[in-house]
């Protein structure tokens, strides 16, 4: 059986999401939707977005303006929790006293908040960020941030630690980045990284993980295979304590080109993902149609995880409302969808008849918080969506 026979898989056009919008139309002349196709990487077996020049051009423009899908690390709220959890991971691998005198480079550093925290611990830090948030963060946190893409002549010398926090998934060729990093690693230098953990989405055929900004969709086996292929065989990978990520800590330790043996198994998981996606869409379509047919209202919590599926099933906006706890998203729109994102307070004050919580990571917690305060609302979580029958 050839698991790769059904790839590339052309899904059609998906919303081009790159930052919260003040209106339902994209900014900076960018399109509201772009084609999307999935393929299987020939070396690691991971699911990848198939190369597309139109998508690449749009992303280059979005990054130059300043892409920001869900917000960044910051001093408060969820942004600080992401930073705290990653710093705890670094402490476990390095020891909390190891930062003094350490030279650290973060590629794709956003606003520089993580570097700010590392400098407070005694490290010498530098960041590289092509988006406008880098310049603002350099002033806000007083850290050295180069406004450019890596590699850049502005970064020289060697570093004890290179950080790639949610960077690899944005690259068409992540292996090339490791080749570019190698000349900047000190002897015994290490790489620490984070990527979204796509395991639960791949296992259930959930299309919500797909964004044009993400070229790769990693789980633990495929991330390990990539690191081994790039010669980073001395690696440790673990699930994050917060936010649905995988963390990895690696240094050179294997011949470049070596990778894990179970390539066929990784391809089988990718093929299974495609096979499960259609039934998932059918279940969602039945739920939405049954709610709309009964004249009931339906709310979507964490709508950024639902817009792909809603677009593919052609769900009408009538009776549809979006809710999110992220203040960055509230009052904003997704491209081509005339439904504003509302805060939790609006849901509690004016409940919908049905509520779909589109979050694997936070779904059960949100249900436990919301259900007692929404006694007349039927609440369906991400986990239930794959098993519940419409009606």
Query raised in the report: From the set of residues in the range 177-203 that are in contact with a helix residue (DSSP H, G or I) (Cβ under 6 Å, 6 or more places away or on another chain) and not in a strand (DSSP E or B), which is farthest from residue 82 (Cα to Cα)?
Result: 202
Report task. Please find, among 8, 22, the residue that is over 21 Å from the mean Cα position of the chain (by Cα) and within 25 Å of residue 132 (Cβ to Cβ). Result -> 22
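Listed here are the residues, each with its yes/no results for (1) part of a helix (DSSP H, G or I); (2) under 24 Å from residue 201 (Cβ atoms); (3) in contact with a helix residue (DSSP H, G or I) (Cβ under 9 Å, 6 or more places away or on another chain).
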{"position": "283", "(1), (2), (3)": "yes, yes, yes"}
{"position": "312", "(1), (2), (3)": "yes, yes, yes"}
{"position": "360", "(1), (2), (3)": "no, yes, yes"}
{"position": "365", "(1), (2), (3)": "yes, yes, no"}
{"position": "369", "(1), (2), (3)": "yes, yes, yes"}
Requested in this report: Any chance you could count how many residues in the range 40-95 are over 26 Å from residue 141 (Cβ atoms), in a loop (DSSP other than H, G, I, E, B) and in contact (Cβ under 8 Å) with a residue 60 or more places away in the chain?
Outcome: 6
Query raised in the report: Somewhere in the range 334-353, is a residue at pLDDT below 90 and part of a loop (DSSP other than H, G, I, E, B)?
Result: no
Query raised in the report: Is there a residue being at pLDDT below 90, surrounded by 13 or more Cβ atoms within 10 Å (Cβ to Cβ) and under 21 Å from residue 175 (Cβ atoms) anywhere in the range 59-74?
Result: yes
Report task. Among the residues of the range 96-116, write down those that are free of Cβ contacts under 8 Å to residues at least 40 places away in the same chain and surrounded by fewer than 20 Cβ atoms within 10 Å (Cβ to Cβ). Result -> 96, 97, 98, 100, 101
Report summary line: Within the range 8-20, residues buried (at least 17 other Cβ atoms within 10 Å of the Cβ) and farther than 17 Å from residue 281 by Cβ come out as 16, 17, 18, 19, 20
Query raised in the report: Across the range 117-141, what is the total count of residues that are in contact with a strand residue (DSSP E or B) (Cβ under 8 Å, 6 or more places away or on another chain) and part of a helix (DSSP H, G or I)?
Result: 6
Requested in this report: Collect the residues in the range 294-306 that are over 11 Å from residue 341 (Cβ atoms) and part of a helix (DSSP H, G or I), keeping them in residue-number order.
Outcome: 305
Requested in this report: Scan the range 215-231 for residues that are touching a strand residue (DSSP E or B) at 6+ places or on another chain (Cβ under 7 Å) and surrounded by 21 or more Cβ atoms within 10 Å (Cβ to Cβ) and jot them down.
Outcome: 215, 216, 217, 218, 223, 224, 227
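Return the only residue of 285, 321 being surrounded by fewer than 22 Cβ atoms within 10 Å (Cβ to Cβ), free of Cβ contacts under 8 Å to residues at least 40 places away in the same chain and in contact with a strand residue (DSSP E or B) (Cβ under 7 Å, 6 or more places away or on another chain).
None of the others qualify; the one that does is 321.
The values are calculated or read from the model by the stated rules, or taken from the named source; none is laboratory data. Since the model is a prediction, treat every value here as computed from it, not as a measurement. Reconstructed Cβ throughout: ideal geometry from the backbone, glycine too, with neighbour counts over all protein chains shown.
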